[in-house]
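This report refers to the structure that appears directly beneath it.
What follows draws every value from the coordinates through simple rules; no lab data is involved. What you see is a predicted model; the values in this text were computed from it and never measured. FYI the Cβ positions are ideal-geometry reconstructions off the backbone, even for glycines, and counts take in every protein chain you see.
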Amino acid sequence: MVWWPPAFPLMPETSKMIPTKKDFSAKARIRDMDEYKALYQRSVETPEAFWKEQAQSLTWMHPPDAVCDTSVPGEHNWFSGGRLNVAVNCVDRHAAATPDKTAIIWAKNEPGEYENITFAELKRNVGRVANVLRSLGVRKGDRVCIYMPMIPEAAYAMLACARIGAIHSVVFAGFSAEALRDRIVDAEAKVLFTANEGLRGGKKIELKRIVDDALDGMTMVESVLVARRTDADVPMKGGRDQWLDEAMAQQRAACPAEWMASEDPLFILYTSGSTGKPKGLVHSTAGYLLYTSLTHRYIFDAREDDVHFCAADVGWITGHSYIVYGPLCNGVTTVLFESTPLYPDASRYWKTADDIGATLFYTSPTALRALMREGDEPVKQGKRESIRVLGTVGEPINPEVWRWYHDVVGEERCPIVDTWWQTETGGILISPLPGATPLKPGSATLPFFGIKPLLVDANGNRIEGNDVSGLLCIEGSWPSQARTIWGDHQRFLNTYFTAFPGLYFTGDGCRRDEDGYYWITGRVDDVINVSGHRIGTAEIESALVSHDAVAEAAVVPKPHDIKGQGIHAFVVLTESSDLGADEVSGTLKQQVRHAIGAIATPEEVIAVDALPKTRSGKIMRRVLRKIIAGEAHQLGDLSTLADPTVVDQLLEKLK
């Protein structure tokens, strides 16, 4: 039986439900809840027919013989017998149909500097890079590491690997030499792409030097291809290193595409593991491409004339799915944004959107919180008239920031798609559809087609009904689900499919509200058990950030003799905060007590200058947990910290 949320009548202005925008809905792909429900019901009741129909949007060299085999959790198989090539779908077919259309807009580090690459140019450049790889002996199934800034060559390298059947492993260009080396060794990469330097805001990153450090004493990597991002001269190791532009100039633009089986691996992408050892998640070819293109098309209501401005990095899954593969498969112009949201000032996103005519905008709550802290004036320096859909990704967004995004950035005219998904899922699983779904600030709302979320308790018992909380699992499979962990399938099964047999365990806590909407409450290890009550850290952080004096918050547990765990909060105050040092703790404890209840009141509220974050902007709560528990000597690997000095500042603060 398919579960449905209740019908959505027109809601009074005082309701917490925000109705869809009538003008938007009238032109949307999915225009109302009836259309959504009809498609969703088809997708979960007759998945074979539904996904077979959707698969027709791809260009196949040989159509699949079957749609899906999901009978054994963790051993899912989609579109068996099919043959296709990702680069053909993302590049060739559009180069043939619309050769002069812009495929990629490169928004360079400095404001006002842009480069447009047409689909015809993209095809030629991808072909040349693919031929470079073949000349270096790279063949189907070989692994290629990509450690590059946000420049067009990064996309060329990804698509060139896809063209010849090599498996790419993109490593975020902010990772250290040690972290890069670990990923190269695990994937056994034989070729590495990098740049002489990277530009990021007001900084230059010495990427080639980092690569040289990572490869010191290593013979596994046979060739290093170096893009020229700046005019900096860098040491080149004879017999190993080549300038990418010179290597490309020696190759033809025409490169035959490899016929790939549907289940052939497309890429490996590493994500942090609970053991500290990164997990190399492997994604397939056909299922991944179909699902990312489908979610991009419906969740962003994407059209052929759109300009999709996703401000992520290709080093993360968001950049894979919603900068490169999803938009390009749909023939939509996509943006490579090289800079930061605060360079040279907090108006950068909005001025860039104006310059390039961005229609779809997608960024993280972390970036939005930083921008909100700067006030409304920088937003108003951009017109933002071209933007019609706003999106968030990466973590739960607190309602206050959601409201600011909606009211100030979107001027109450743009629907917001608050998307929930993971590296492991490949694409978005829970999200509004902008023309159909009434919104609630902070809620990811309802499942996408084919996705069957459910809540379970700690014993695996299903939690039925609405206005309930539990652990979020997904029943069944979907095309873009990760296939394995590179070199360790048993770890894959143990991590995702053994906690609750027959289900994919997301690792997230979740609340399903009275209307059946889903609210992600954070990772299970970000849930604090206070006197037997499980309290999501995201909820407490949201309560803290709702105070005008708080710009950012991170909440962690500390062992407590009576309660089991006590709540401890770290906050970064706004520049305009007028709270005195002796007022911070008491005022913010009262704020949480008022917003959630006495059970959620922190034991401590500690004002700090900065929080420990990864280079992608995510707060490293495990560091805070260790520090607050007096275990600073067990902090483990800090190589992914954007600013390691923050740890020293925290330790000094807590002396």
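Summary of values
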| read-out | value |
| --- | --- |
| Over 25 Å between alpha carbons, listed pairs LYS140/LYS204; LYS140/LYS279; LYS21/LYS383 | LYS140/LYS204 |
| From phi via Karplus (6.51, -1.76, 1.60), per-residue ³J(HN,Hα) for region 207-224 in Hz, x at Gly/Pro | 5, 5, 4, 5, 4, 4, 5, 5, 8, 4, x, 9, 10, 4, 7, 8, 9, 10 |
| ³J(HN,Hα), Karplus 6.51/-1.76/1.60, whole Hz, each residue of region 154-171, x for Gly, Pro | 5, 5, 4, 5, 4, 5, 5, 4, 4, 5, 9, x, 6, 9, 8, 10, 8, 10 |
| Inter-centroid distance (Cα atoms) of region 178-254 relative to region 584-642, Å | 37 Å |
| Residues with amide H under 5 Å from that of ALA103, placed H, sequence gap 5 or more | ILE117, THR118, PHE119 |
| Exposure proxy ranking, count of Cβ atoms within 10 Å, fewest first, for SER57, SER284 | SER57, SER284 |
| Amide H within-cut-off set for ALA607, under 5 Å, with H built and near neighbours excluded | VAL571 |
| Sum of -39500 (n - 2.57) over DSSP H runs of 4+, divided by residues of the chain (222 nm, nearest 500) | -8000 deg cm²/dmol |
| Residues LEU136 and GLU206, FRET efficiency given R0 of 22 Å [Cβ-Cβ distance, rounded to 0.05] | 0.35 |
| Computed over the chain, the ratio Rg/Rh where both radii use C-alpha atoms and Rh is Kirkwood | 0.94 |
| Amide hydrogen neighbours beyond the local backbone of MET620, cut-off 5 Å, H modeled | LYS613, THR614 |
| Along principal axes, Cα extents of region 503-605, largest first, whole Å | 49, 34, 21 |
| Contour minus Cα-Cα distance for ASP643 and ASP355 (0.36 nm per residue) | 100.5 nm |
| Full-stretch length increase - LYS27, THR46 - with 0.36 nm per residue and alpha-carbon distance subtracted | 4.1 nm |
| Rounded to 5, percent antiparallel among DSSP beta bridges of the chain | 60 percent |
| Karplus-derived 3J(HN,Hα), 6.51/-1.76/1.60, for each residue of region 642-655, Hz, glycine and proline x | 5, 9, x, 5, 4, 4, 4, 5, 5, 4, 5, 4, 9, 4 |
| Nearby lysines by direct alpha-carbon distance to LYS452 (threshold 17 angstrom, same-chain neighbours under 8 apart not counted) | LYS37 |
| Distance between modelled label sites at GLU377 and HIS633, nm, 7 Å Cα→Cβ extension | 5.0 nm |
| Rounded, prolate or oblate (a/c below 1.5 giving rounded, otherwise prolate when a/b exceeds b/c) for region 244-342 by Cα gyration tensor | rounded |
| Two-site FRET efficiency, ASP407 against ARG252, from Cβ-Cβ distance with R₀ of 60 Å, rounded to 0.05 | 0.65 |
| Label point distance in nm, GLU53-SER576, each placed 7 Å from Cα along Cα→Cβ | 5.1 nm |
| Part-to-part distance (alpha-carbon centres) for region 504-559 and region 35-87, which is given in Å | 35 Å |
